[in-house]
Amino acid sequence: MTTIIAFQLLGSLALLIFGMKIMSEALQKMAGPQLRHILSAMTTNRLSGMFTGMLLTVAVQSSSATTVMTVSFVNAGLLALSQAISVIMGANIGTTLTAWIMSAGFSFRITDFVWPVFFVGILLIYSKKYRDIGDFLYGVAFMFFSLGMMSQTGKAMDLGHNQSLIEFFSSFDTSSYSSILIFLLLGTVLTCIVQSSAAVMAITMVLCTSGVLPIYLGIALVMGENIGTTMTANLAALTANTQARRAALAHLAFNVIGVSWVLIVFYPFVDTACSFVGLDPSSSSQTVTKVSFALAAFHTAFNVTNTSILIWFIPQIERFVCRILPEKQAKEDESFRLRYIHAGIMNTPEIFVLEAHKETLLFAERMQKMLGMVKELLHEKNDKNFKQVFERIKKYEDISDNMEIEIGRYLEHVSDARLSDETKGRIRDMMREISELESIGDACYNIARILMRKHESPEDFIQSQYDAINEMMKLVDKAINQMLIALRERREDTSIIPSNSIEKEINELRDELKLRNTSDVNAHKYGFGIGTMFIDVISECEKLGDYVLNVVEARLGKEQ
């Protein structure tokens, strides 16, 4: 019988975690396309950032989801560190609603009301249009069902008459700070292991409402949960960039500072928080309702007070985490690595698309740098310097190949997830973007190889040929700059007209130079061999312009 009850408790916890996960992910998918704009528009100052984090967490019912999402946006360069800290502070307030919902689940027979929600949810799940709403309702139903089951299991366990358990918890002196610290540490460790503060809060409520765990020790567990829940974001940020790791560290620092000052005034603070729901922490006879609501009241009082104090010290917290995690010395990126894509940091379509887009933009910037090297190679006469620049171009060509493969693999992996038609279309467009960017790298390398042939030959371009190539490269550079503008701006704010205009100029110049080359060769201004190399450079530049235009078209979702 004991084994069955134990499995019921574990199963209820599993359903709680599963329900909150399904509910959170469904809400993130529904709001996904708007998340970036919501966060950027509503984090203009520390107060608006705090309210944004609070409302977002109330919506997705997971401070971990909000925090990891925020860290992901910092990693993608969409949020500044100070903005992220204010959002994270708001998330700590928003998560207190979960504790109140759980208190209601422990106080009332809530399982009777979930069956209609299950029924409506399963109907909507099979509807393509309303599938995410169905997932959300299913998650809500599982969450409340698990809370009801946990409450019933707690009563069935009859922990209040378990003498050995009562004696174990009674061995801890609730008036001793050492006992408080032990349970604070226990709450931290349990939350780190389970990776769900809601699950540990549920266990705390089971123990406290059964009467075996004194309210002071239960509140110490709740304080530990606040620290333990920060581990999710810190683990997710391990492979992220420095700014993202700073945001995750700021979350940890914020909660550790809060727990530290509350420990100094622990007993009067707890007594005040419990008085809001009419509970006397020192009394041994309390109703289940008062105990569960007392835990929620403390959780709210702690996070609201801590945020109200520390929100005015965001610049100091920012300086602190920057000192702990200093920026590495910037070096020229001559080796392949992805900067924004980090598997596992956040599993929502909006983050997938944002990470891939930022990586694609970085890819484009590298191709611009590669063209700059080709322009440098054109005028380099020193043999040693020429070969060094050529080797760098060759290395960048390898980088472009690797970036296409790795970003493509990431997008292929993402496309296996359940995505909206809009997101699927955006992923197809990015697949095309990276393919065209790799072709730009190939074109730059081809030009470099032609220039290497010219460098090794006894002939050289005459001044008019140099002038013509410079004019063509100036147009290509202009096209790449316009491409970067298109990649940096929102699709809705970008026009294809400037890129089409530049492409027309490139084509007209190519045709003009081909005719001029034929005339100059016939007039014996230079030999056929050097004329061929000249036209090869011009042709590759024109192809490069085509690839650039293709990137812009893909960015705007236009068909080839």
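Listed values, structure above:
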quantity	calculated
Single residue of M143, M102, M150 found to be open to solvent by less than 30 Å² (accessible area, probe 1.4 Å), modelled with pLDDT under 70, hydrophobic (A, V, I, L, M, F, W, C) and closer than 30 Å to F302 by Cα	M150
Residue check for E505: touching a Leu at 6+ places or on another chain (Cβ under 6 Å) and either modelled with pLDDT of 90 or more or buried (at least 20 other Cβ atoms within 10 Å of the Cβ) (or both)	yes
Sole residue being acidic (D, E), open to solvent by 20 Å² or more (accessible area, probe 1.4 Å) and modelled with pLDDT of 90 or more, chosen from E350, E391	E391
Top-ranked residue of region 118-130 - restricted to ones that are modelled with pLDDT of 80 or more and touching a Leu at 6+ places or on another chain (Cβ under 7 Å), ranked as least open to solvent (accessible area, probe 1.4 Å)	G121
So I462, is it within 37 Å of the chain's Cα centre (by Cα) and either at pLDDT below 95 or buried (at least 22 other Cβ atoms within 10 Å of the Cβ) (or both)	no
Selection status of T242, under 17 Å from E318 (Cβ atoms), among the polar types (S, T, N, Q) and surrounded by 20 or more Cβ atoms within 10 Å (Cβ to Cβ)	no
Residues of region 477-517 classified as of a type outside the set (A, V, I, L, M, F, W, C), part of a helix (DSSP H, G or I) and touching a residue at least 12 places away in the same chain (Cβ under 8 Å), total	16
Residues of region 258-268 classified as surrounded by 14 or more Cβ atoms within 10 Å (Cβ to Cβ) and more than 36 Å from the chain's Cα centre (by Cα), total	1
Every residue from region 519-560 that is of a type in the set (S, T, Y) and touching a residue at least 12 places away in the same chain (Cβ under 8 Å)	Y526, S539, Y547
The listed residue being under 31 Å from the mean Cα position of the chain (by Cα) and of a type outside the set (A, V, I, L, M), out of G557, G529, G545	G557
Enumeration of residues in region 197-214 that are open to solvent by less than 20 Å² (accessible area, probe 1.4 Å) and either hydroxyl-bearing (S, T, Y) or not in a loop (DSSP other than H, G, I, E, B) (or both)	A198, A199, V200, M201, A202, T204, M205, V206, C208
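The values are calculated or read from the model by the stated rules, or taken from the named source; none is laboratory data. Everything numeric in this text was worked out from a predicted model, so none of it was measured. Heads up, the Cβs are rebuilt from the backbone with ideal geometry, glycines too, and the neighbour counts pull from every protein chain shown. Surface areas here come from the heavy atoms of the whole protein model, side chains and all, with no ligands, DNA or RNA. Shrake-Rupley method; radii C 1.70, N 1.55, O 1.52, S 1.80 Å.
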